[in-house]
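The values are calculated or read from the model by the stated rules, or taken from the named source; none is laboratory data. Bear in mind that the values here come from a model prediction, so they are computed numbers and not experimental data. Positions of Cβ are backbone-derived with ideal geometry, glycine not excepted, and every protein chain shown enters the neighbour counts.
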Amino acid sequence: MIPWIRKPIEYFFGKTFGSETIRYVIVGVLTTLVNFGLFELMHEIINIDVTASEVTSISVSVIFAYVANKLVVFMRRSDSAFALALEFFKFVGSRLFTMALEIGVVALFYNFLGYDAWFGKVVAQVLVIIANYVISKLIVFRR
């Protein structure tokens, strides 16, 4: 990242939200808003199929989450293009796992148990947020 952009971001978030956990929660809330907002737009307003809405909303939120987690939560720098690519692929791979978890939970609640899609989405988000933090901390952004 360009130093004149990176340094103010690191300073602001490091001083304002010193705890990694607090920064993770804030980024998680923003990522969830992106996920839910796009899901609402696609499924409820445009009336697109629930699974297509899920895949799209999760995909967009994964890209947002990578950038935000890298820069704001874990404040990681990549030494090379290879390191950056490897980190990104580990992040995306972990999110594919939790995306499958989320889609499965939403499908279970919506298609099989007859609950509203939002109920399944909320239940899934709790599981996904916990899994994403553990995987990011231990595997993707490990120091």
Quiz prompt | Inter-residue pairs, beta-carbon under 7 Å, first closer than 16 Å to Phe39 by Cβ and in region 103-119, second acidic (Asp, Glu) and assigned to a helix (DSSP H, G or I), 6+ apart | solution = Ile103/Glu54; Val106/Glu54
Practice problem: Give just the number: which of (1) assigned to a helix (DSSP H, G or I); (2) touching a residue at least 12 places away in the same chain (Cβ under 8 Å) does Arg76 not satisfy? | Solution: (1)
Quiz item: List pairs: first in region 20-32 and farther than 17 Å from Ile58 by Cα, second surrounded by 15 or more Cβ atoms within 10 Å (Cβ to Cβ) and aromatic (Phe, Trp, Tyr), Cβ under 8 Å, 6+ apart or cross-chain?
Solution: Glu20/Phe74; Arg23/Phe13; Arg23/Phe17; Tyr24/Tyr133; Ile26/Phe17
Quiz item: How many residues does region 29-65 contain that are part of a helix (DSSP H, G or I) and more than 17 Å from Val92 (Cβ to Cβ)?
Solution: 18
Quiz item: In region 107-119, is there at least one residue being within 25 Å of Ile22 (Cβ to Cβ) and hydroxyl-bearing (Ser, Thr, Tyr)?
Solution: no
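Per-residue answers, yes or no, for (1) in a helix (DSSP H, G or I); (2) under 12 Å from the mean Cα position of the chain (by Cα):
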position: Phe88; (1), (2): yes, no
position: Phe91; (1), (2): yes, yes
position: Arg95; (1), (2): yes, yes
position: Phe109; (1), (2): yes, no
position: Gly114; (1), (2): no, no
position: Gly120; (1), (2): yes, no
position: Val128; (1), (2): yes, yes
Quiz item: Looking only at region 86-109, which residues are touching a Phe, Trp or Tyr at 6+ places or on another chain (Cβ under 8 Å) and either small (Gly, Ala, Ser) or within 19 Å of Val50 (Cβ to Cβ) (or both)?
Solution: Phe109
Quiz item: Restricting region 61-97 to residues that are hydroxyl-bearing (Ser, Thr, Tyr) and modelled with pLDDT under 90, which is farthest from Val29 (Cα to Cα)?
Solution: Ser80
Quiz prompt | Leu86 of a type outside the set (S, T, N, Q) and touching a helix residue (DSSP H, G or I) at 6+ places or on another chain (Cβ under 9 Å) | solution = no
Quiz item: acidic (Asp, Glu) and modelled with pLDDT under 90, is that true of Glu40?
Solution: no
Self-check item: region 111-130, residues that are more than 26 Å from Asn69 (Cβ to Cβ), surrounded by 13 or more Cβ atoms within 10 Å (Cβ to Cβ) and of a type in the set (A, V, I, L, M)
Solution: Ala117
